[in-house]
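Engineer: Before anything else, here's the structure in question.
The values are calculated or read from the model by the stated rules, or taken from the named source; none is laboratory data. Bear in mind the structure is a predicted one, so any value in this text is a computation, not a measurement. In this analysis, Cβ positions are derived from the backbone assuming ideal geometry, glycine residues included, and neighbour counts consider all displayed protein chains. We work out accessible area using only protein heavy atoms, side chains counted, and drop any ligands, DNA or RNA first. Shrake-Rupley method; radii C 1.70, N 1.55, O 1.52, S 1.80 Å.
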Amino acid sequence: MPGHQDGASFSRGKHTHTVPMSLHATNRRRLCESLQSNSQVGSEAVVLLQGGDDVPRHCTDVSYLFRQESYFQWCFGVREPEFFGAIDVDSCKSILFMPRLPQDYVIWLGRIPTTDDVKKQYDVDEVHYVDEISDVLKAAKANVLLTLVGVNSDSGLTSREAKFEGIDSFKVNNTILHPEMTELRVFKTPAEIEVLRYANKVSSEAHKVLYKSARPGMHEYQMESIFEHYTSKEGGCRYTAYTAICACGPNGAVLHYGHAAAPNDDLMLDGQIMVIDMGAEYHCYTSDITISFPVNGKFTPDQRIIYEAVLKSNLAVQKAAKPGVLWPDMHRLAEKTILEELVKHGLIQGNVDDMMAVRLGAVFMPHGLGHFMGLDVHDCGGYPKGVERSTDPGLKSLRTGRVLQKDMVITIEPGCYFINSLIEPAMKDPVKSKFFVPEVMERFKKFGGVRIEDDVLITEDGCENMTQVPRTVADIEAIMAEGRA
Ligand code: GLY
Ligand code: MN
Ligand code: MN
């Protein structure tokens, strides 16, 4: 690797994790090695990526807080907007192109870094200005530019292809890079795993604070605020990885509660169960944790039934998840465990295999069991060429249909929800209605839901749970009582 300098790193203070910039050098090296062995790539190929832009709020001069685009982050770890980056595939030489900011911006932005500053900060081989891209790539005799075009299998949106003035005079290939980078991002390196463990540790600690802080009479958004305060103050995490879901009572049955029209603003009531799904990110590496607990600190018998059914499901998957296992089979295992528990406690009746055959599980858990997690909370690579998405209820919502392999990071997040728009038609359905016990189901009409979400690393022969929060009924009641002492 040319030009490596020791010491370049990202950190938010001594109490936080130090991310060595060598993490990104390793990613670039993996990318070059992979491209070098790709027969479609000729000699003198150069990867060219465009980083994220500053995004203004509508037509104003106020911007959303900038967060780097994830493919660019994976390669370079650059925290500011308007950069480009190039990697020479044969030599792995790395070049950043920074925006040329007018000197009087010093008044607004503080000292404007020089190219030398940026070279040291990100530990790359060269730094130039964005307006020099064409000349620099010509001087480097780039034969073909590999640019990034591909569809995100979760959002359906297409990545932004790098474009600069003068690109028309280069040969460009925009089909090779996306599948290559996407596949590499699925498998986390030791340095990436360290950052993911850190984001998870900080978020786990914040969830423990939530268990202790919850009280009837609070508003849901106050839980959001306590989490963000903790992860920012104690963990140096300036961003959360996705919109907070802090849902008490029936709101827990709204899977993406917390959106703009339902902004976590309900009152938390005595006797309700609460679902909190929040994760901090650090250096753009994410976490995604859900806890469920009674607002007043004590599970009712019905809350306990549903909570323990979901916990059993989560633990069954944790025990079974290992290399070679098909993820949709883990989804089926999670569903089956929940259905068995619901039968045991009299909400439904009949043969569980018959229920599985008619996809009854998707009535109680309409979302997928879990998803890859990394630089994006719903990380890329879930459906590479050759992996088909199921069309069956529940299974079609899975964000990956892959076989698990070592070094994948994935969430395990079974849930059981009482979503009236699913349950009511199912109870009238000629095939499904026979399984329900209406008088028992009636008790759960306003229950909401329970989700238990952990983030695991697939290891050689099993999985490591990076999420460390109290999970049993006894442990949750104990930590909640501690918070009230
Ligand atoms: N927080 C989003 C999810 O669990 O997938
Ligand atoms: Mn998740
Ligand atoms: Mn989540």
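Engineer: Determine the dipole magnitude for the chain: charges of +1 sit on the beta-carbon of Lys and Arg, -1 on that of Asp and Glu, nothing else is charged, the reference point is the Cα centre, and the result goes in debye to the nearest 20. Don't skip to the answer; put the middle values down first.
Structural biologist: Values: 51 positive and 66 negative charges, 182 e Å.
Dipole of the chain, to the nearest 20 debye: 880 debye.
Engineer: Just need log10 I(q)/I(0) for the stretch 31-125 at q = 0.16, 0.21, 0.24 Å⁻¹, Debye formula, equal scatterers on the alpha-carbon atoms, no solvent, rounded to two decimals.
Structural biologist: Ignoring solvent entirely, the Cα scatterers give -0.76, -1.11, -1.30.
Engineer: For the stretch 438-485, what is the accessible area per residue in Å² when the probe is 1.4 Å? Walk me through the intermediate numbers first.
Structural biologist: Working: 2150 Å² over 48 residues.
Here the per-residue accessible area is 45 Å².
Engineer: Across 10 Å bins from 0, what is the distribution of all Cα-Cα pair distances for the stretch 324-396, in whole percents?
Structural biologist: 18, 45, 26, 11, 1
Engineer: Still on this model: GluC sites (Glu not before Pro) within the stretch 30-114: which are DSSP loop residues with at most 15 other Cβ atoms inside 10 Å?
Structural biologist: Values: sites: Glu33, Glu44, Glu69, Glu82; in loops: Glu44, Glu69, Glu82.
Passing both the DSSP loop test and the Cβ count: Glu44.
Engineer: For the stretch 4-57, which trypsin sites (Lys or Arg not before Pro) are in a loop by DSSP, counting at most 14 other Cβ atoms within 10 Å?
Structural biologist: Values: sites: Arg12, Lys14, Arg28, Arg29, Arg30, Arg57; in loops: Arg12, Lys14, Arg57.
Loop-located and lightly packed - Lys14, Arg57.
Engineer: A further question follows. Heavy atoms only, probe 1.4 Å: what % of the accessible area of the chain goes to carbon and sulfur, would you let me know? Mind showing how you got there, number by number?
Structural biologist: Values: 10970 of 20910 Å².
Summing carbon and sulfur atoms, their accessible area is 52 percent of the total for the chain.
Engineer: Any idea of Glu424's accessible area? Nearest 10 Å², probe 1.4 Å.
Structural biologist: 80 Å²
Engineer: A further question on this structure: Please work out whether the stretch 397-436 counts as rounded, prolate or oblate from its C-alpha gyration tensor, where a ≥ b ≥ c are the square roots of the eigenvalues and a/c under 1.5 means rounded, while otherwise a/b larger than b/c means prolate and anything else oblate? Mind showing how you got there, number by number?
Structural biologist: Values: a/c = 3.95, a/b = 2.78, b/c = 1.42.
Prolate shape, in that a/c is at least 1.5 and a/b is the bigger ratio.
Engineer: By its C-alpha gyration tensor, with a ≥ b ≥ c as the square roots of the eigenvalues, how is the stretch 77-231 shaped: rounded for a/c under 1.5, else prolate for a/b larger than b/c, else oblate?
Structural biologist: Values: a/c = 2.41, a/b = 1.71, b/c = 1.41.
Prolate, since a/c reaches 1.5 and a/b exceeds b/c.
Engineer: Now for a separate question. In Å², what does the accessible area per residue of the stretch 172-284 work out to with a 1.4 Å probe? It would help to have the intermediate numbers written out before the result.
Structural biologist: Working: 4180 Å² over 113 residues.
Using a 1.4 Å probe on heavy atoms only, each residue of the stretch 172-284 averages 37 Å².
Engineer: Next question. Two decimals is fine: what's Rg over Rh for the stretch 74-164, C-alpha atoms, Kirkwood radius as Rh?
Structural biologist: Here the Rg-to-Rh quotient is 1.00.
Engineer: Normalised radius of gyration for the chain, please: alpha carbon Rg relative to 2.2 N^0.38 Å, two decimal places.
Structural biologist: Details: Rg = 24.4 Å, N = 485, 2.2 N^0.38 = 23.1 Å.
Output field value: 1.06.
Engineer: Based on Cβ point charges of +1 for Lys and Arg and -1 for Asp and Glu, what charge dipole magnitude is obtained for the stretch 261-374 about its Cα centre, in debye rounded to the nearest 20? The partial results should precede the final answer.
Structural biologist: Values: 9 positive and 14 negative charges, 87 e Å.
The dipole magnitude comes to about 420 debye.
Engineer: Give the residue list of trypsin sites (Lys or Arg not before Pro) in the stretch 126-229 that are DSSP loop and have at most 13 other beta-carbon atoms within 10 angstrom. Mind showing how you got there, number by number?
Structural biologist: On the way: sites: Lys138, Lys141, Arg160, Lys163, Lys171, Arg185, Lys188, Arg197, Lys201, Lys208, Lys212; in loops: Lys141, Arg160, Lys163, Lys171, Lys188.
For trypsin sites (Lys or Arg not before Pro) across the stretch 126-229 that sit outside H, G, I, E and B with at most 13 neighbouring Cβ atoms in 10 Å, the list reads Lys141, Lys163, Lys171.
Engineer: Give me the lysines in straight-line cross-link reach of Lys120: C-alpha distance below 29 Å, same-chain residues under 8 apart excluded.
Structural biologist: Straight-distance partners of Lys120: Lys14, Lys93, Lys138, Lys141, Lys163, Lys188, Lys233.
Engineer: If you don't mind, there's one more thing I want to ask. Determine the relative contact order of the chain: mean sequence separation of Cα pairs under 8 Å and six or more apart, normalised by residue count, in whole percent. Could you put the intermediate results ahead of the total?
Structural biologist: Working: 990 pairs, mean separation 70.4, N = 485.
Averaging sequence separation for qualifying contacts and normalising by length gives 15 percent for the chain.
Engineer: Further question on the same structure: For the chain, which cysteines have no disulfide-compatible partner, meaning no other cysteine Cβ under 4.7 Å?
Structural biologist: Cys59, Cys75, Cys237, Cys246, Cys248, Cys284, Cys380, Cys416, Cys463
Engineer: What are the principal axis extents of the Cα atoms in the stretch 140-264, in Å, biggest first?
Structural biologist: Per principal axis, max minus min of the Cα coordinates gives 65, 34, 26 Å.
Engineer: Hey, what number do you get for the chain at 222 nm if only DSSP H runs of n ≥ 4 count, each worth -39500 (n - 2.57), divided across all residues, to the nearest 500?
Structural biologist: Details: 15 runs with 162 residues, N = 485.
It lands at -10000 deg cm²/dmol.
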